[in-house]
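The values are calculated or read from the model by the stated rules, or taken from the named source; none is laboratory data. The structure displayed is predicted, hence computed values, not measured ones. Neighbour counts are summed over all protein chains in view; Cβ atoms, including those assigned to glycine, are modelled from backbone coordinates with ideal geometry. Calculation scope for accessible area: heavy atoms of the full protein, side chains included, ligands and nucleic acids excluded. Shrake-Rupley method; radii C 1.70, N 1.55, O 1.52, S 1.80 Å.
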Amino acid sequence: LEEALVKKHDVTALVRSPEKISEFSDQVNLVTGDYLDADVRAQALNGADAVLSTIGPPMKGAPNNGEYTKAMTELIGQMRSAGVQRIIAVGGAGLRLGDEKLGLPRRLMRLMLRFLGGKGYWDKEQEQNALYASQLNWTILRPPQIAPAFGKLVVSEDGPAAFKADPTQLARHMVASLEDAATARTAPYVATK
């Protein structure tokens, strides 16, 4: 929110707990509800030019019932109906998109994430693959662990340059990607090194 507001974007924020962003309540259009609810998503899309999504299943204890994949599939249709083509989404460094080849480091990362993230991890992968297969102008950012880190954000097509992506740097890159047509339909790895 801070980064989008600094760049003078008009922001609609879809949140479950509005008290968590109370400091921004007078600066954003607030939609309170659950992302998994199609009516709530439609309300948030009203008047939008683009979507920034950090939605995904919790890493621990998430059921693998496909609810996030279903929601993303519905969101894609809702965006198309609303004439919204641009979406920047946060995926993950271990996610396999389409039939991309996986080297040994990514295979090991996927095994680790499968162990740590359980079934929710696979729902996230299917969710991002639904977006990847869509006709939208998507950008899927693939950070490793999102946690405070020092250094510079490195964007790469070859794999993550480090084990963490700083959340502030990631947010800046998400907002910057909105205005960079060259990032459309790309899925770069982003990490703070």
Would you point out the residue of segment 48-93, among those that are at pLDDT below 95 and either touching a Ser or Thr at 6+ places or on another chain (Cβ under 8 Å) or among the charged types (D, E, K, R) (or both), that is most open to solvent (accessible area, probe 1.4 Å)?
-> K60
Taking segment 108-128 only, how many residues are at pLDDT 85 or above and open to solvent by 40 Å² or more (accessible area, probe 1.4 Å)?
-> 1
Would you call A187 surrounded by fewer than 18 Cβ atoms within 10 Å (Cβ to Cβ) and modelled with pLDDT of 95 or more?
-> no
When residues of segment 1-29 are limited to those that are touching a helix residue (DSSP H, G or I) at 6+ places or on another chain (Cβ under 8 Å) and among the small types (G, A, S), the one surrounded by the fewest Cβ atoms within 10 Å (Cβ to Cβ) = S25
Within segment 150-177, how many residues turn out to be of a type outside the set (D, E, K, R) and at pLDDT below 95?
-> 5
All positions within segment 176-186 that are farther than 17 Å from H9 by Cα and in contact with a helix residue (DSSP H, G or I) (Cβ under 7 Å, 6 or more places away or on another chain) = T183
Just name the residue that is farthest from D49 (Cα to Cα) out of those in segment 142-182 that are touching a residue at least 60 places away in the same chain (Cβ under 8 Å) and open to solvent by less than 30 Å² (accessible area, probe 1.4 Å).
-> G159
